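Notes follow once the structure below has been shown.
The values are calculated or read from the model by the stated rules, or taken from the named source; none is laboratory data. In this text the structure is predicted, and so the values were computed from the model without any measurement. Backbone-built Cβ (ideal geometry, glycine too); neighbour counts: all protein chains shown.
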Amino acid sequence: MMSTPSTTSAQETNAATAVRPKLAVYKFSSCDGCQLSLLNLEDELLALANAVEIAFFLEARRAVVPPPYDVGLVEGSISTPEEAERIQQVRRDCRTLITIGACATSGGIQALKNWGDTEEFVRYVYAHPEYIDTLDTATPIAAHVFVDFELRGCPVNERQLLELITAHLAGRRPNIPSHSVCIECKRKGYPCVLVSQAEPCLGPVTHAGCGALCPSCSRACYGCFGPMEHPNVESLGSWLNERQARGHRELSHMFRSFNGYLEPFKQASESHERRANQV
């Protein structure tokens, strides 16, 4: 006995749904900006939703499909004891774990507390510090579990995020550039703010992905995509110190921002801090 067309169509739809990879999106200590980058894909997000099953994404939907998940996207740093435990379960639930954004890949701006007294910060900020349960440090996800891929940015580039997910679905390596912001400036014909305006620009050591946004506005790059592959931070620091008379204290603060706890920015900031203290 042959099935009716409507029954056949329903069966095909169910079969297509069954084979779709499950995508989960998690939030830890962060501002949600990288999750919003995914939502900002708009039309592409609809196509993505047809290619994968969005199984867990509290920013976008209430329904939750139980694990395991094929791909997990993680935003945010590990800043509390609860998060340190939860990330272990997330790793077990996801076949592939991808960290997105500065918080997840470097600890983010909250990692600035790693160089200070956390208890003192809590006393100053909160009216009832006894209710705050926090770790002494804010650390990237990779400091706690194995991570399959890291996508830099504060926030991430939405096109790079789409490329990363698409590449995983296609079973190929993602085409994510590893060169510096300077390459983007040159390709777009922007004047070098480091040379022409004597601005302390981190473009020569910063990972590409922003489209040279700040230099396009005649502003110096401040490293929101973190260090590029094999950055020569020592050379840039020496150049800024000798050619622009930037003090070691200022240079330490330059490297210690969104991605300050990510090597080698961390090494550079601590090196300049030691030199500043020796003066």
Among GLY203, GLY153, GLY209, the single one that is of a type in the set (Gly, Ala, Ser), in contact with a Leu (Cβ under 8 Å, 6 or more places away or on another chain) and buried (at least 20 other Cβ atoms within 10 Å of the Cβ) is GLY203
Subset of the range 170-182, residues crowded, with 16+ Cβ neighbours inside 10 Å and out of contact with any Asp or Glu (no Cβ under 6 Å at 6 or more places or on another chain), comes to ILE176, SER180, VAL181, CYS182
Being buried (at least 23 other Cβ atoms within 10 Å of the Cβ) and either hydroxyl-bearing (Ser, Thr, Tyr) or more than 21 Å from THR137 (Cα to Cα) (or both) narrows LEU251, LEU236 down to just LEU251
Note on the range 258-279: residues within 19 Å of LYS113 (Cβ to Cβ), at pLDDT below 95 and surrounded by fewer than 19 Cβ atoms within 10 Å (Cβ to Cβ) are GLU263
Within the range 129-163, restricting to residues that are assigned to a loop (DSSP other than H, G, I, E, B) and free of Cβ contacts under 8 Å to residues at least 24 places away in the same chain, the one that is farthest from ARG173 (Cα to Cα) is ILE132
Here the qualifying pairs (Cβ atoms under 8 Å; residues six or more apart or on different chains; first in the range 106-119 and under 15 Å from PHE258 (Cβ atoms); second β-branched (Val, Ile, Thr)) come out as GLY107/THR137; GLY107/THR139; ALA111/THR137; ALA111/THR139; LYS113/THR137; ASN114/THR137; ASN114/THR139
Item to complete: Can you confirm whether the range 185-195 contains a residue that is assigned to a loop (DSSP other than H, G, I, E, B), in contact (Cβ under 8 Å) with a residue 12 or more places away in the chain and under 25 Å from the mean Cα position of the chain (by Cα)?
Response: no
Picking from GLU130, GLU163, GLU158, the residue that is surrounded by fewer than 21 Cβ atoms within 10 Å (Cβ to Cβ), acidic (Asp, Glu) and over 20 Å from LEU45 (Cα atoms) would be GLU130
Of the conditions (1) outside the structural domain of ASP93 (by TED's automatic domain parsing); (2) under 15 Å from LEU73 (Cβ atoms); (3) hydrophobic (A, V, I, L, M, F, W, C), the single one that VAL156 does not satisfy is (1)
